[in-house]
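Presented below is the structure to which this report refers.
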Amino acid sequence: MKRRFGTLSLVAIAFFLGTPTAGAQELAPGFHKIKDGIYTFAPDQATTTCSFVVTEAGVVMIDSCNSPLDSRRMAAAIKKVTDKPVMFLIDTETHSDHTGNHFIFSPPAMVINAEGAAAGMRKEYNPKRAETLAAQSPEMRGALEGFRMITPQIEYKDKMTINLGERTFELIYLKNVHSFADTAVWMPKERVLFASSAANVRTFINLRPTVVLPDVIASYKLMKSLNPEVVIAGHGQPTTTIIFDEYEGFYNLLMKRVGEMAAQGKSLDEVKKELKMPEYTDWRGQDRLGVNVDAAWKSVKK
């Protein structure tokens, strides 16, 4: 049964098992130690980022990693740092590269995302995904043992606070920025922000038809207002709020150019063929410029 919460408070009822001491270099390639007890797996710009935070009462994960192999690596890394269980797994979106490996952590972890996440996951679910992955290698097939789709057991509306041990996690719903349900995770004491795939590191994002660019830009302003020291994007290595400035600049320039071409009487197809963004030729995912033009067109033609 799905439960909806506004605030969830858990004191440190689990006994203390020691302070984590492992550095990122002791875990595996691609891991970064952000601050004490906060680690993220972000090997490159493309691979889905997943993270874990150790508290006195247990572990909180953010996203369940790109593939079952990465998830198994994450589970092994957590065990190197602490004996505490994964208490919560917070999804920053609904797409399978962030949510497809819940089965490795839940149970015991309770999966959390914004309202509509479970319905969105079911809508997007590809029953052939596990079979396709298993065909890649014997290692992947082994990592998929026990596979089943697990949707969030807890959904929240607008905002939610988790107090676990000595740490606070503030969950913030981001509307129309990427998937059916997107969540930013803010740790105010540590000033670390997990920003979802509203922004990825210097990459044209594969925008779905539900994305609204003014809402995306509003999400950047909201997240910047938190004044984080470290920003963890949905894809790409740890960064700062510069990521929001870069994307806001890109989308504003894109909408300006699309609007000017639309005012000249050009059709959407003509705009997609003719528009150039030479300032961003070093960004990854150049083949996705077309779907970004679609989103800009929708915004300027309202």
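The values are calculated or read from the model by the stated rules, or taken from the named source; none is laboratory data. Just so you know, these numbers come straight off a predicted model, no measurement behind them. Glycine gets a Cβ as well: all are built from the backbone with ideal geometry, and neighbour counts include every protein chain shown. Remember, those area values only see protein heavy atoms, side chains included, never the ligands or the DNA or RNA. Shrake-Rupley method; radii C 1.70, N 1.55, O 1.52, S 1.80 Å.
Assorted remarks:
- Percentage of interatomic Cα-Cα distances in the stretch 51-153 larger than 21 Å: 31
- With both labels modelled 7 Å from their Cα along Cα-to-Cβ, the Lys301 to Gln286 distance reads 2.6 nm.
- Those GluC sites (Glu not before Pro) in the stretch 223-302 that DSSP places in a loop and that have at most 15 other beta carbons within 10 Å: Glu229
- For Asn206, nonlocal amide neighbours, meaning residues 5 or more places apart or on other chains whose placed amide H falls under 5 Å from its own, do not occur.
- Accessible surface calculations at 1.4 Å, restricted to protein heavy atoms, place the stretch 48-111 at 24 Å² per residue.
- The DSSP beta bridges internal to the stretch 48-114 are antiparallel in roughly 40% of cases.
- Share of carbon and sulfur in the accessible heavy-atom surface of the chain [1.4 Å probe, %]: 53
- Rounded to the nearest Hz, the phi-derived 3J(HN,Hα) couplings of the stretch 226-241 under the Karplus curve 6.51 cos²θ - 1.76 cosθ + 1.60 (θ = phi - 60°) are 6, 6, x, 7, 10, 10, 9, 8, x, 9, x, 7, x, 8, 10, 5, where x marks glycine and proline.
- At full extension, Leu222 and Thr168 could sit 17.6 nm farther apart than now, given 0.36 nm per residue minus the alpha carbon distance.
- For the stretch 151-302, accessible area per residue (1.4 Å probe, heavy atoms of protein chains only), Å²: 42
- DSSP beta bridges in the chain [antiparallel fraction, %, rounded to 5]: 60
- Couplings for the stretch 273-283, taken from phi via the Karplus curve 6.51 cos²θ - 1.76 cosθ + 1.60 with θ = phi - 60°, read 7, 9, 5, 10, 10, x, 5, 10, 5, 8, 7 Hz in order; Gly and Pro are left as x.
- Helix content alone sets the calculated 222 nm mean residue ellipticity of the chain: runs of n ≥ 4 DSSP H residues at -39500 (n - 2.57) each, divided across all residues, give -9000 deg cm²/dmol.
- Residues in the stretch 66-74 carry Karplus couplings, in order, of 5, 9, x, 5, 5, 5, 5, 5, 5 Hz; the curve used is 6.51 cos²θ - 1.76 cosθ + 1.60 with θ = phi - 60°, and Gly or Pro positions show x.
- Quotient of C-alpha Rg and 2.2 N^0.38 Å, computed over the chain: 1.02
- Residues whose amide H falls under 5 Å from that of Ile34, counting only those 5 or more places apart or on a different chain, are Tyr39, Thr40, with hydrogens built in the peptide plane.
- In this rough spin-label picture, where each label sits 7 Å from Cα along the Cβ direction, the Ala76-Lys157 distance is 4.4 nm.
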